[in-house]
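S.K.: Before I ask anything, here is the structure I am working with.
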Amino acid sequence: MNEHKKYEDIHFVDSTKPVWNYSLFSQQDIENFQRGTHYRLYELFGNKQFEVLGTWGTYFAVWAPNATQVSVTGNFNHWDKEAHKLFVRLDHSGIWEGFIPNLPAGESYKYHIHGFNGIRLDKGDPFSHLWEKRPLTASITWGTFHDWQDEEWMSKRGEHNKLNAPWSVYEVHLASWMRPDRFDEESYNTYAQITERMVPYVKEMGFTHVEFMPVMEHPFDGSWGYQGTGYFAPTSRFGSPQDFAKMVEAFHQAGIGVILDWVPSHFPYDSHGLFMFDGTHTYEYADMRKGYHPDWNSYIFNYARGEVKSFLISNARFWCDRFHADGLRVDAVSSMLRLDYSRNEGQWEPNIHGGNGNLEAIEFIKDLNIMLYKDFPEIQTIAEEATDWPKISKPIYDGGLGFGMKWMMGWMHDTLDYFKMDPIFRQFHQDKFGFSMMYYYNENFMLPLSHDEVVHGKSPMLYKMPGDEWQKFANLRLLYTYMFTHPGGKLLFMGDEFGATSEWNYKSELQWSLLSFVSHKGMKYCVQKLNELYRSEPALYEKQFEQGGFEWVDMNHRSESVISYKRKGNNPEDDIVIILNMTPLVRHDWEIHVYGKKKWKEIFNSDNVAFWGTGDVFNPDIKSEKVSKDDKWYKLKIHLPALSAVVIR
C-alpha cells in the first residue's frame, strides 16, 4: 500500500517528537491547491503509509484553515485528543500535517480540531480511503494500491466507450441487488460475493455497462449513497478498497464498463463530515441562499473557493485513476447550475449579470470536463440535468459544458405518460409520443428508466402499464423495444428487466423469486434479446447522436396508433425499420412504404412466445410490391401483433 510520492522540499524531521514535522507538499502544490487547479490532491492529503528515516509510519495532512490546533486521535493513543498534534504550515495554506512513526495501516482515527471561536470538533478525514462500517464514523489508515489485471480492457476501452458504440447501462444499488438475507437491512454481500453473482448475470443479459449508485462512503443507507461523507473511499459495507478494485476489474475482464454515480452538488450535515469542518463554512458557501439545499436538507459546495474546486476535481480524477472508472454520471447538475433551484423569489440572489446561473459552478463543470477528457479520453461524463439548460453535452469551444451525454428526462416523462394511458386514448396523444425527436439533436441523450421512477409511490414499471396481466407485460415489452430502438444510450434500473411487481426497497433485495414464473422469465429474456439486437445492429448505435441516424416512416395513422420509423447506420444496407402497434388489436397486412430495398425480414418481435407473448402473429415472409416503376419505393405488408413491436431488416 505504499503510495508515497517523494518530493525534494520536505520539512525538517525531529525524530524525538510523537509527531514528526514532515511534508509532501511543494510550493507549487500549495499554489495550485489554492487556485483550484490541483487535480491530484489524493496523492498528498489524507493518510499515507511509508518510511521516514528508516522508520515505518503514517503521514497525515488535512486542510482546516480556521483551526488553531489539529490532533490525530484514535485507537492507537486511546483516543487522547491532545497527544499527537499536527504541525500547521507557515505559508497560510491552512494545511496541518505530520508523520506518526510506527503507526500501521488499519488504525481507526479522527482529527480533533480546535476550530473557529474555540469550538472543538472530531472530524473524519475527507481524503481517507477507508472508513469504519456505519454506524461507526472514524476513518481508517489505508491505501488504494491494487495490482490491476485489466490491461486488455483498458487498452481497448476507447472503442467500447465512444459515442458511436452501444451504450446499454444496468443501474445498480449494490446493497439491495441481492442480499444474504433479503429481509435484513444489515445483511450485505461482500464485493467478492457481488462480483461472483453480478458479473455473469450482467454478461448474460448483454448490458454493455453497469452504473453503480454512489459507492462513496455514506452514513445513512436511506440516502442511497447520495449524501456522502467519504468522497475518496468505496463504502466499507462490502469490504476494502482493494476488494472494490477487484470487482471493477472483474467487470472489465468480462468486457463490461463501469460507470460511477458522483455527487459534487451537495453533502450532509453529519457531525463527522465536511459540514462546518473547522467550525465555520470551509467546504460550503457561507451564504445559505447559495449554500443550503432545501430539497435534501444538505449543503452546497463553495465552487468559488479554489481549495474546494481542487478537492472536487481531484475526487473525480481519483475514481478514474485509482479505480479505472469508465465514466462518471454527475448527479443533480440542475441544482448546481441554477441559483434559483427549488427557491422562491427572495430566497436567492442573482449573479453579477442579473441572471440565475451559478457562474462559479458553471466554470467548475467546464474545468472538470476539460481535465477528465484530457487525462482519460476513453471515458464519458454523463449529466443528470432535468431542465432546458442549453448545450449540456456540447463541446466547451462551442459554448457547451463539455459533458459526453445527458439524461433525457423529457423523453422519460413523456414516454411513461403515454404508456400509462389506456390504449384507446393513445390516438389523441401521438404528438406527446413523437415530441422527443423535435429536440433530440440538441444534446447527446441517454434514455433513463432509473431508480427514481420506481420509488415513492410511483409504482414498479410493470404496474405503470394499463390492462390485465397479459396486457401489462405486452405493454412493457413494447415500451422497452421502443426504448432500445430510439436513438441514444439506454439505462435500465435493476429489477426492471424482469418486471418487478414491487417498488424498489433499499432495505431488502430484488424479487428474484419472480423468475420462477414464465411471464417474468419471458420479460427478462426479452430484455436480453433487445440488448443483443442493439449490440448487433449498427443502425441502432453508429449514428445514435446524429440527425442521419433516424427517419420517421409513418406517423399518420393516429386513429390506429401505429407508428413506424427507420434507424440508419453508416452503411445503407444496415437500415432497419421499427413498427409499433400501440393497441390490443392484431393488424394483418399493415402497409408501410420504404425506399431503396425490396427484400426485408423480421429480426425481432416483442410478441415472441419465448417472451410470454402469444407467438401466433409474426412475419416469416414479408410481401414487397414496387409502388412505381420510376423509383425505388416499395410497399411492404407486415403482420402486427397486439401491443407489440416488430423490427425488420
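The values are calculated or read from the model by the stated rules, or taken from the named source; none is laboratory data. If you're wondering where the values come from, they're calculated on a predicted model, not measured in any experiment. Counting neighbours? That spans all protein chains shown, and the Cβs are built from the backbone with ideal geometry, glycine included.
S.K.: What single numbered condition from (1) in contact (Cβ under 8 Å) with a residue 40 or more places away in the chain; (2) among the polar types (S, T, N, Q); (3) surrounded by 17 or more Cβ atoms within 10 Å (Cβ to Cβ) fails to hold for Ser559?
M.R.: The failed condition is (3).
S.K.: Determine which member of the set Tyr201, Tyr191 is more than 16 Å from the chain's Cα centre (by Cα), surrounded by fewer than 21 Cβ atoms within 10 Å (Cβ to Cβ) and among the hydroxyl-bearing types (Ser, Thr, Tyr).
M.R.: Tyr201
S.K.: Residues in the stretch 530-546: is at least one in contact (Cβ under 8 Å) with a residue 24 or more places away in the chain, surrounded by 15 or more Cβ atoms within 10 Å (Cβ to Cβ) and touching an Asp or Glu at 6+ places or on another chain (Cβ under 6 Å)?
M.R.: Yes: one or more hits.
S.K.: Could you list, in sequence order, all residues of the stretch 574-602 that are exposed (fewer than 15 other Cβ atoms within 10 Å of the Cβ) and not charged (D, E, K, R)?
M.R.: Within the stretch 574-602, Leu585, His588, His593, Tyr595, Gly596 meet the criteria.
S.K.: Being crowded, with 18+ Cβ neighbours inside 10 Å, part of a helix (DSSP H, G or I) and not aliphatic (A, V, I, L, M) is the filter here; which residues of the stretch 357-403 pass it?
M.R.: Glu360, Phe364, Asp367, Asn369, Tyr373, listed by residue number.
S.K.: Sticking with this structure for a sec: Taking the stretch 166-187, which residues are free of Cβ contacts under 8 Å to residues at least 24 places away in the same chain and either touching a Phe, Trp or Tyr at 6+ places or on another chain (Cβ under 9 Å) or not small (Gly, Ala, Ser) (or both)?
M.R.: Across the stretch 166-187, the qualifying residues are Pro180, Asp181, Asp184, Glu186.
S.K.: Which of the residues belonging to the stretch 71-105 are surrounded by fewer than 18 Cβ atoms within 10 Å (Cβ to Cβ), out of contact with any Pro (no Cβ under 9 Å at 6 or more places or on another chain) and among the aliphatic types (A, V, I, L, M)?
M.R.: Once the filter is applied, which keeps residues that are surrounded by fewer than 18 Cβ atoms within 10 Å (Cβ to Cβ), out of contact with any Pro (no Cβ under 9 Å at 6 or more places or on another chain) and among the aliphatic types (A, V, I, L, M), the stretch 71-105 yields Leu90, Ala105.
S.K.: On the given criteria, is Leu478 under 24 Å from Val210 (Cα atoms), among the aliphatic types (A, V, I, L, M) and part of a helix (DSSP H, G or I)?
M.R.: yes
S.K.: Mind listing whichever residues of the stretch 235-252 are within 14 Å of Gln149 (Cα to Cα), without any contact (Cβ under 8 Å) to a residue 60 or more places away in the chain and not aromatic (Phe, Trp, Tyr)?
M.R.: Hits for the stretch 235-252 are Asp243, Met247, Ala250.
S.K.: Would you tally the residues in the stretch 608-649 being in contact (Cβ under 8 Å) with a residue 60 or more places away in the chain, outside any strand (DSSP E or B) and under 20 Å from Val586 (Cα atoms)?
M.R.: The qualifying residues number 8.
S.K.: Which condition breaks for Glu509 when tested against (1) in a loop (DSSP other than H, G, I, E, B); (2) buried (at least 16 other Cβ atoms within 10 Å of the Cβ); (3) touching a Pro at 6+ places or on another chain (Cβ under 7 Å)?
M.R.: It is condition (3) that Glu509 fails.
S.K.: Which of the helices (runs of 4 or more DSSP H) found entirely inside the stretch 409-471 contain at least 3 residues meeting this: in contact (Cβ under 8 Å) with a residue 24 or more places away in the chain and crowded, with 17+ Cβ neighbours inside 10 Å?
M.R.: Of the helices (runs of 4 or more DSSP H) lying wholly inside the stretch 409-471, those with at least 3 residues that are in contact (Cβ under 8 Å) with a residue 24 or more places away in the chain and crowded, with 17+ Cβ neighbours inside 10 Å span 409-420, 461-464.
S.K.: Restricting to helices (runs of 4 or more DSSP H) lying wholly in the stretch 279-355: which have 2 or more residues that are of a type in the set (Phe, Trp, Tyr), assigned by TED's automatic domain parsing to the domain that holds Gly222 and touching a residue at least 60 places away in the same chain (Cβ under 8 Å)? Write out each step before concluding.
M.R.: Details: elements: 288-291, 306-322, 333-337.
In the stretch 279-355, there are no helices (runs of 4 or more DSSP H) which contain 2 or more residues that are of a type in the set (Phe, Trp, Tyr), assigned by TED's automatic domain parsing to the domain that holds Gly222 and touching a residue at least 60 places away in the same chain (Cβ under 8 Å).
S.K.: Determine whether Arg322 is in contact with an Asp or Glu (Cβ under 7 Å, 6 or more places away or on another chain), under 30 Å from Trp148 (Cα atoms) and at pLDDT 95 or above.
M.R.: No.
S.K.: Wholly within the stretch 539-607, which strands (runs of 3 or more DSSP E) include no fewer than the required count, namely at least 2 residues that are of a type in the set (Phe, Trp, Tyr)?
M.R.: Correct list: 550-557, 587-595.
S.K.: Note down all Cβ pairs under 7 Å where the first residue falls in the stretch 29-52 and is on the phi > 0 side of the Ramachandran plot, the second is outside any loop (DSSP other than H, G, I, E, B) and surrounded by fewer than 21 Cβ atoms within 10 Å (Cβ to Cβ), and they're at least six residues apart or on different chains.
M.R.: Sorted first by the residue in the stretch 29-52, then by its partner, the pairs are Gly36/Gly306.
S.K.: What residue, among those in the stretch 106-125 that are closer than 18 Å to Val19 by Cβ and within 32 Å of the chain's Cα centre (by Cα), is surrounded by the fewest Cβ atoms within 10 Å (Cβ to Cβ)?
M.R.: Filtering first and then ranking leaves Asp122.
S.K.: Would you check which residues across the stretch 90-115 are more than 17 Å from Gly54 (Cα to Cα) and in a strand (DSSP E or B) and list them?
M.R.: The answer is Ile95, Trp96, Glu97, Ser108, Tyr109, Lys110, Tyr111, His112, Ile113, His114.
S.K.: Any chance the stretch 601-617 includes a residue that's hydroxyl-bearing (Ser, Thr, Tyr) and either assigned by TED's automatic domain parsing to the domain that holds Asp431 or within 32 Å of the chain's Cα centre (by Cα) (or both)? First the steps, then the outcome.
M.R.: Taking the stretch 601-617 first, the residues hydroxyl-bearing (Ser, Thr, Tyr) are 606, 614.
With either assigned by TED's automatic domain parsing to the domain that holds Asp431 or within 32 Å of the chain's Cα centre (by Cα) (or both) added as a condition, the list becomes 606.
Yes, the stretch 601-617 contains a residue that is hydroxyl-bearing (Ser, Thr, Tyr) and either assigned by TED's automatic domain parsing to the domain that holds Asp431 or within 32 Å of the chain's Cα centre (by Cα) (or both).
S.K.: Just to be sure before I move on: is Ile100 over 30 Å from Phe251 (Cβ atoms) and either touching a residue at least 12 places away in the same chain (Cβ under 8 Å) or of a type outside the set (A, V, I, L, M) (or both) in the structure I sent?
M.R.: For Ile100, the condition - over 30 Å from Phe251 (Cβ atoms) and either touching a residue at least 12 places away in the same chain (Cβ under 8 Å) or of a type outside the set (A, V, I, L, M) (or both) - is met.
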